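Read-outs throughout are calculated quantities, based only on the coordinates presented, and are distinct from any laboratory measurement. As the structure is a prediction and not an experimental result, all values here were calculated from the model. Quick reminder, even Gly has a Cβ in these numbers, built from the backbone with ideal geometry, and neighbours come from all protein chains shown.
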Amino acid sequence: MLTAMARKFGFGRGRGEADQTPLFRSRFGGLWIDRSDAHQVLARKLRDGEIGQALAEPLARYISSGYAVFKQAVAHDVIDAYLDFFEQAWSAPPRGIYAHSGGEVHPLSRELYHRVAKVSDLHYYFDRAPELIFAPAIRSFLEAIYERSPVVFQTMSMRKGSEEPLHIDTGPLTLTEPMSLTASWIALEDVRPGAGALQFVPGSHQLPEVLNNGTSKAHNGDYGAYHKVLQATLEKCAAGNLPTEHFMAKKGDVLIWAADLMHGGAPIENTELTRQSLVCHYMPLGVMPTFYDFSKVNYVPYSGGGWRLDRIDTGAP
Ligand SMILES: O=C(O)CCC(=O)C(=O)O
């Protein structure tokens, strides 16, 4: 007889003692949704009432395909307030805010307004940020996959599409638990054809793992090694006939993707079009980013639930 504890944590006979399939695809382990028996764990969690039925379909899709979609998950009034704030930030950038554009990092400025640019970490200055970052559907999904409180460790706001080639975030955004990385993509307006939609390859998160220099999920600044990882993964996508999909979202829709899912921004065909969006990167409480010196960084709770880091210099006394 298995004890309740053994069943809950998946020890013992649940998986079949003769089952030789590795429990995790990644050498670095993962969350329960990354386990080879994740669908059985999901069924057990649903049966025990640990997870509500509303999350059954998104979690099953996330396990199989590496993404989940929540339509109208973010209220339009907070999006409108954020867009006003974002618009002002180009002319009056808050302290310590940078944009990635053309392969370089620049202090945010109006000169970048019409360029393809990703603006980092504006959430630190927007007082309603948790209503976006931890909108109820996002927070409950993250709590379900993490079994811990979620922490937002970075955000990127975009006026236009990113045109980023398909890539995996675990190369640049490294964590003490690499496979716990999760991202949400929040549509701040309807995505129009030609604007360069978010694109992604369902199922690519489960392809055999390719590591930087054969050992590391982090590229550690070795872009040659990272390029090889992405090329090898693209070849596996092609060999597996995995099609690339586009997220033609409506304002307020959200897509959440898993650590190793291939994703990027489609080419922009109409440069007049904006594609305003917010990407948030998360980890569970107790994990830390390792792509910078995190020795002095601490967790700060949001009053409604969820956490952020105190990394940015807000200039506050
Ligand atoms: O929004 C996009 O176009 C892609 C964003 C992206 O690739 C990322 O956040 O890693």
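Count charges around P150 for me, please; just the other residues with Cβ under 9 Å from its Cβ, Lys/Arg as +1, Asp/Glu as -1. Each step should come with its number before you reach the end.
Working: positive: R139, R148; negative: E143.
Combined, the nearby Lys, Arg, Asp and Glu give +1.
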*Measure off 7 Å from each Cα along the Cα-to-Cβ vector at R148 and V297, then give the distance between these two points in nanometres to one decimal.*
1.4 nm
*asked:* In region 246-317, if the dipole is taken from +1 on Lys/Arg beta carbons and -1 on Asp/Glu beta carbons about the Cα centre, which of G306, T290, V254 is farthest to the positive end?
replied: G306
*Would you list, by chain and number, the lysines whose Cα falls below 30 Å from the Cα of K45, excluding same-chain residues fewer than 8 positions away?*
K8, K71, K217
*asked:* As a test of the formula, what do you get for the chain when each DSSP H run with n ≥ 4 contributes -39,500 (n - 2.57) and the sum is divided by the residue count, at 222 nm and rounded to the nearest 500 deg cm²/dmol?
replied: -7000 deg cm²/dmol
*Net charge over other residues, Cβ less than 12 angstrom from the Cβ of Y124 (K, R count +1; D, E count -1)*: -1
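Hey, fewest Cβ within 10 Å first, where do M288, M248, M179, M283 land in order? Show your work: numbers first, answer last.
Working: M288 18, M248 14, M179 23, M283 27.
Listing M288, M248, M179, M283 from fewest to most nearby Cβ atoms yields M248, M288, M179, M283.
Run the dipole for region 66-309 about the Cα centre, Lys and Arg Cβ at +1, Asp and Glu Cβ at -1, nothing else charged, and hand back the magnitude in debye, nearest 20. Walk me through the numbers before you get to the answer.
Values: 19 positive and 26 negative charges, 30 e Å.
Dipole about the Cα centre, nearest 20: 140 debye.
Kindly identify the chain as rounded, prolate or oblate by the Cα gyration tensor criterion: order the square roots of the eigenvalues as a ≥ b ≥ c, call it rounded if a/c is under 1.5, otherwise compare a/b with b/c, prolate if a/b is larger, else oblate.
In terms of gyration-tensor shape, prolate.
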*Taking the simple approach of a point 7 Å from Cα along Cα-to-Cβ for both R128 and R44, what is their distance in nm?*
4.2 nm
*Roughly speaking, what is the stretch gain from A239 to T274, that is 0.36 nm per residue apart minus the C-alpha to C-alpha distance, in nm to one decimal?*
9.2 nm
